[in-house]
Amino acid sequence: MSKHEKIKIKKLTSPLLNMGDVEIEFGKIEDDWEEPQGPTPKPGVVALRNWDRRLMERYEPFYTPVCDMCCLCSYGKCDLTHGKRGACGIDSKTQQARMIALECAIGAAAHGAHSRHMVEYQIEKKGRDYRIDMGLNIATEAPIYRTIIGERPKTLGDLEDGMDYAEQQLQHIVSSLHTGMEGDFKDYESKAMHAGMLDNLVMEIGDIAQVIGYDFPKGESDVPLSELGAGTIDKEKPVILIIGHNVVPGVEILTYAEAYEKADRIELAGICCSAHDLIRKNKSAKIIGPMSEQVRFIRSGMADVLVLDEQCVRVDLLEEAKKVKTPVIVTTDKIGLGLRDRTGDGADQIVDDLASGKEPGAMILRPEKVGEVAVKLAERVFPTRNKLRTIPDKDEIKSEAARCVSCEECQRACPVNLHISAALKDAKSGNFDSLAELRERCIGCARCDSACKKGIKPLSLIEGASDYIIKEDRYNVRVGRGPILDTEIRNVGPPIVFGEIPGVVVFAGCSNYSNGGREVAEMAEEFLKRRYIVVVSGCAAMTIGKYRDEDGQTLYEKYPGNFDAGCLVNVGSCLTNAHILGAAVKIPHIFGRRNLRGNFEEISDYILNRVGAVAVVWGTYSPKALAIGTGLNRWGIPVILGPSGSKYRRLYLGRKDKEEKWDIYNARTGEVVNADPTPEHLVYVAESKEEAIIEIARLVMRPNDNVKGRQIKLAHYIDLHKRYYGTMPGDLHYYIRQEGDIPMTMKPEIKAILEKKGWKERVIPDPTLVERLVWKKKDKEDEKDKKEEGR
Amino acid sequence: MKMFATPWVRTQTGGTTKAVPVMPDAASRIINNAKRPVIAVGAAINDLGDELVERVIKLHEKGIPIAATAHSVKFFERKGVRDVYEVGIIELTNLLTDPEWSGVDGSGPPDLVIVIGINLDLTNQTFQTLKNFTDIPSLSISRYFMANANYSFPNIDDEIWLLYLDELVWKVKERGQ
Ligand code: SF4
Ligand code: SF4
Ligand code: SF4
């Protein structure tokens, strides 16, 4: 790669000069990467606009406003309903697209700031020249970085180059959100995709930094299982709970506890992705669960010290913690909660002040100090706190339920419309089952608590009624393995590209489930049994671990962790989503022999047309999840959202009934041919688990599938349709390109259907959306390049 | 019973418009005046067992085509009703924004969209799209008042809801007569 190089000269003596310890730094030196630079290294905001527009010609943005108005500036509020324009001239579609670009920029900035800190921290510990070594089986160390930046990062210091680029681009994107900028919704969408792509890049940078800095697993499939769930916590020990996404303070707590031989005497547990990353360092740490567990767990009183870092941390946790006398340590510049900055104070002084209750918490920005204070504080407050809790016992539930006036305001505030007051009626007469039954669908948001004018706290009552469920909350999750190995890609690349492994199904994202987390596990198992490759990350990876089958096994116990057919791969925290995308990017490189270097469009075109991957973000809510997903879309990977995802306000939908939308180049001949409508959508919202399952089976189809591959995919699609919808799919004529595509055993039945639909045979092209990638043109261009080189 | 017309989900206000609350009689007149109504039926149609499915089938028997979203097709299949248009609610809403779409039965784009049994978030978002990007009026016959539709039943409980639907079925005229 090209990079900054340093030369150190210990002693230099010449007739004119006599000096020692000189360091000379050169600007950029080109190195030995044999790949030629592609067309778009470090693409600017509009460099990939043509690609985005090509995608949006087929997958038109579909808008569903959450609000009819805009209140960005003080010209407003402006009413944009039904064709009206705001005072700046903006219309509703463009305003929706602006909000999407804004959310994607926020998501990318959240991951970016985290990754920047991670890179800086690891450089501080290991040095700028610390080499990126992802292990023997990974030569393509940073596929996203290579494709976007056009360079190969070799050291921790090189990663800063990628961060500089992303931060600079984000500034341009955010500036475009100002009043009086874009007037075309597709231009805002293109910026949203750019922000999404930057998000994918910074996630990869952040995770590489922590993998090499902390020696996390480097893609080993035999990583161990770790304990999961509140029921695994030993209440006889002081408990330190970390919440957030930046594992640095958590690792320092571990390091301190180990150094002072206290590791066995405390419980270290976490919620959200910091916990995921912590078990990558040491599997003895425990994961309580996803974001939905935050308030419940703190109210349970089990945490003796609460350590917060960044992202998706409820901002009322300090208030919750005060009620159970749990001191709080905030550890990053993102979350201050009004607490005093004690970074410069002595650890023992801070411990005294927090343990005595003089202050409810402290800001400590040195991770090593967090480690020392958290451990000492947990030991100090453990005997006096006595696991003080605000979760009521059965008598208290009964008397609280008796105060309920059945106004149903709690239900009207509940994102999943739970029938709380009906359950309270039962509880009043001593039957707590209906309340406990609500727990599985409750997402722990506490909106019901805020809504109740009587001061009843339904969330706590549900929790109190569910004590027997919580005791059983003892599960496991496979430790996040991080990247997918190059060797695995070599094995599964061909069957994925030809369709013989029917698809790669990803379950990622948050826990804002409309119908409980069980559905995520059920969907995953449906495709595992059918030998799709299933990959999980983030909250979804935890949720999946929280269900057992009739034999008492979790999916992690039942299915191996390789990246192969019928396997369940947990990559780890949010940041590791980059490795899922990285696997898709490595397929064109390792199997398809495409260059990555600065070659975004060709790689994405390959993924869109050949790699049957689909991501399901069933409980999505966050700007980060939107940024990840919008980035995946730009790379050609479709995403399915749960019902709450409709409130992101934009989808990219294809129209299979519009034949002309599916014209594509046949790269072999240069002809424009009409391909089958696959993948049909780029972002889709499914109303139910059943619909999501059907949509997964549809969205893994690709125009490049060979007939055997398409047969397999269709056989699953038809079988799933019959099972979940009770009928034969009505759209088979779209997906059957030639008679050979029809699954063998169903030939007569399907041929009769095709006849009725007036089906015509189609070519199976060597598909590309990009004209310059037609072979003849490419050959000509290569020849031209060679001639020019020879001159 | 909460016979009032404020959005059931308090925040589903949208902004500057608000649905007209309607009782079954007014709802039936809106349906009877439409030339090409369609009823979008979601997976929650099974939430009260057969009660809702059977009433929707009665509306269908009066000549209103059904767009069966998500896996609701299964509940109609069980009752031997096969001539439903199977489509995702998001896909349907997208098709409705296309004035050239030929409609669920090929007779042209609908001029009234009736919604029942679909997840509350998705129902609201469907109405938001219809309201902002189409001229097609919408009618919610769910048990919750949906402020972003053009017309909606008020907030009612299950028992009243079934009575409302009975009255609606009774008052909706058979098509083609
Ligand atoms: S940005 Fe435009 S639409 Fe929004 S409030 Fe200002 S003038 Fe109105
Ligand atoms: S905490 Fe649970 S019951 Fe309360 S509003 Fe949120 S999801 Fe509904
Ligand atoms: S808001 Fe409070 S009083 Fe009203 S139904 Fe809910 S718990 Fe009862």
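The values are calculated or read from the model by the stated rules, or taken from the named source; none is laboratory data. Just so it is clear, the model here is predicted, and its values are computed rather than measured. Backbone-built Cβ (ideal geometry, glycine too); neighbour counts: all protein chains shown.
Just a few scattered comments:
- Residues of segment A:54-101 that are touching a Pro at 6+ places or on another chain (Cβ under 9 Å) and either of a type in the set (V, I, T) or farther than 27 Å from A:Y684 by Cβ (or both): A:T81, A:I100.
- Residue count for segment A:718-748 satisfying the condition of being within 14 Å of chain B (Cβ to nearest Cβ) and among the small types (G, A, S): 2.
- Pairs with Cβ under 8 Å, 6+ apart, first in segment A:73-86 and farther than 22 Å from B:D135 by Cβ, second more than 6 Å from ligand 1 (Cβ to nearest atom): A:G76/A:M69; A:K77/A:M69
- Among the candidates A:K93, A:K42, A:K84, A:K126, the residue that is modelled with pLDDT of 95 or more, more than 14 Å from chain B (Cβ to nearest Cβ) and farther than 30 Å from A:V251 by Cα is uniquely A:K42.
- The set of residues in segment A:400-417 that are more than 14 Å from every other protein chain (Cβ to nearest Cβ), more than 16 Å from ligand 2 (Cβ to nearest atom) and in a loop (DSSP other than H, G, I, E, B) contains only A:R403.
- Only listed residue being out of contact with any Cys (no Cβ under 8 Å at 6 or more places or on another chain), within 13 Å of another protein chain (Cβ to nearest Cβ) and of a type in the set (A, V, I, L, M, F, W, C), chosen from B:L112, B:L130, B:L139: B:L130
- Any hit, segment A:164-185, residues being in contact with a helix residue (DSSP H, G or I) (Cβ under 6 Å, 6 or more places away or on another chain) and within 24 Å of A:R481 (Cα to Cα): no
- Residue that is nearest to the chain's Cα centre (by Cα), among those in segment A:664-694 that are under 14 Å from A:I637 (Cβ atoms) and within 13 Å of chain B (Cβ to nearest Cβ): A:V683
- From the list A:Y188, A:Y130, A:Y145, A:Y165, the lone residue that is within 16 Å of ligand 1 (Cβ to nearest atom) and hydroxyl-bearing (S, T, Y) is A:Y188.
- Test for A:E379: is it touching a Phe, Trp or Tyr at 6+ places or on another chain (Cβ under 6 Å), more than 14 Å from chain B (Cβ to nearest Cβ) and away from ligand 3 (no atom under 16 Å from the Cβ): no
- When residues of segment A:45-80 are limited to those that are more than 12 Å from ligand 1 (Cβ to nearest atom) and at the interface with chain B (Cβ under 10 Å from one of its Cβ atoms), the one surrounded by the fewest Cβ atoms within 10 Å (Cβ to Cβ): A:V66
- A:T343 crowded, with 22+ Cβ neighbours inside 10 Å and of a type in the set (S, T, Y): no
- Which listed residue, of A:V373, A:V330, is in contact (Cβ under 8 Å) with a residue 24 or more places away in the chain and within 30 Å of A:P392 (Cα to Cα): A:V330
- Test for A:I397: is it away from ligand 1 (no atom under 16 Å from the Cβ), part of a helix (DSSP H, G or I), within 30 Å of A:F527 (Cα to Cα) and in contact (Cβ under 8 Å) with a residue 12 or more places away in the chain: no
- Strands (runs of 3 or more DSSP E) wholly inside segment A:240-328 containing at least 3 residues that are under 24 Å from A:H117 (Cα atoms) and under 25 Å from the mean Cα position of the chain (by Cα): A:267-271, A:305-308
- Residue check for A:I100: over 28 Å from the mean Cα position of the chain (by Cα), β-branched (V, I, T) and within 16 Å of ligand 1 (Cβ to nearest atom): no
- Identity of the residue in segment B:21-62, farther than 20 Å from B:T93 by Cβ and within 14 Å of chain A (Cβ to nearest Cβ), that ends up surrounded by the fewest Cβ atoms within 10 Å (Cβ to Cβ): B:D47
- Scanning segment A:495-532 for residues that are β-branched (V, I, T) and assigned to a strand (DSSP E or B) returns A:V504, A:V505, A:V506.
- In segment A:439-464, the residues that are within 14 Å of another protein chain (Cβ to nearest Cβ) and more than 8 Å from ligand 2 (Cβ to nearest atom): A:S450, A:C452, A:K453
- Only one entry in A:P703, A:P729 is touching a strand residue (DSSP E or B) at 6+ places or on another chain (Cβ under 6 Å), closer than 20 Å to A:P679 by Cβ and crowded, with 17+ Cβ neighbours inside 10 Å, namely A:P703.
- Some residue of segment B:72-80 being within 8 Å of chain A (Cβ to nearest Cβ) and among the small types (G, A, S): no
- Which listed residue is assigned to a loop (DSSP other than H, G, I, E, B), crowded, with 21+ Cβ neighbours inside 10 Å and of a type in the set (K, R), from A:R481, A:R441: A:R481
- Considering segment B:1-115, the qualifying helices (runs of 4 or more DSSP H), each wholly inside and each with 1 or more residues that are touching a His at 6+ places or on another chain (Cβ under 9 Å) and over 20 Å from A:R649 (Cα atoms), run over B:73-78.
- The single condition among (1) surrounded by 16 or more Cβ atoms within 10 Å (Cβ to Cβ); (2) within 14 Å of ligand 2 (Cβ to nearest atom) that A:I470 does not meet is (2).
- Residue within segment A:538-561 that is outside any helix (DSSP H, G or I) and crowded, with 24+ Cβ neighbours inside 10 Å present: no
- The residues listed here are A:R447, A:R481; of these, the one that is within 16 Å of ligand 3 (Cβ to nearest atom) and under 30 Å from the mean Cα position of the chain (by Cα) is A:R447.
- From the options A:A427, A:A436, A:A422, residue that is within 16 Å of ligand 2 (Cβ to nearest atom), assigned to a helix (DSSP H, G or I) and either within 14 Å of chain B (Cβ to nearest Cβ) or within 27 Å of A:I587 (Cα to Cα) (or both): A:A422
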